[in-house]
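Report on the following structure.
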Amino acid sequence: NNVSGITISGLTFSDTKTDIGPYSGTSWDNVATIMGTNLSNSTISGNTFLNAGNGISLSWSSGNTITGNAFNTLAGSGIFVVGNSNHNQITSNSMTDLGQINLGSFGILLRNSAFNLIDSNLIDGSGRWGIDIDPWDGVSTVGNVVSNNIIRNTSRQTSDTGAIYSWAGSSSGYVND
């Protein structure tokens, strides 16, 4: 919480906790292996998440880089970027076999955050979404770039899904999505 300029690199995380409900972690994560709140100008790179719960969760965190991490056989989801987390780069991560317990799993969730780059990630196997972009507040999910990602084998456990999914239904008149 409330730190800047840190690096987390080259670590292996396994057998970490997840919520046990089938849809826990679908929209907001309270249990992740690495959690950052008000984290800025930091790097999370080259780590391995193996048989873990959920991967990385950033909230109210800006100017960070998440790159070159491997997420394999997770109970839940890979990366959460939520709650006014702006100008982050999520690049070159590999995610396979997500959602072993949590049906509503995804590779990357971007919610109420702007000007983020999601580029050159591999997402192969998730319970619901590959990349989920949600503007729940109706104004802040703008200027994000999603490019050069490989997304396959999504939608394995739920309906109302997609490789790249975005829904502004909770925000009347929202058109930026």
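The values are calculated or read from the model by the stated rules, or taken from the named source; none is laboratory data. All values reported here derive from a predicted model rather than from experimental measurement. Cβ placement follows ideal geometry from the backbone for every residue including glycine, while neighbour counts extend to all protein chains displayed. Surface accessibility is based on the protein's heavy atoms, side chains included, excluding ligands, DNA and RNA. Shrake-Rupley method; radii C 1.70, N 1.55, O 1.52, S 1.80 Å.
Computed over protein heavy atoms with a 1.4 Å probe, the accessible surface of the range 81-128 works out to 25 Å² per residue. By how many nm would the segment from Asn153 to Thr73 grow when fully extended, if each residue of separation counts as 0.36 nm and the alpha-carbon distance is taken off? Result for the pair: 27.4 nm of gain on full extension. How about the range 77-159: which chymotrypsin sites (Phe, Trp or Tyr not before Pro) there lie in a loop by DSSP and see at most 16 other Cβ atoms within 10 Å? Hits after loop and neighbour filter: Phe115. How large is log10 I(q)/I(0) at q = 0.11, 0.12, 0.22 Å⁻¹ when the Debye formula is applied to the Cα atoms of the range 1-137, each weighted equally and without solvent? The Debye formula, applied to the Cα set alone, gives -0.31, -0.37, -1.40.
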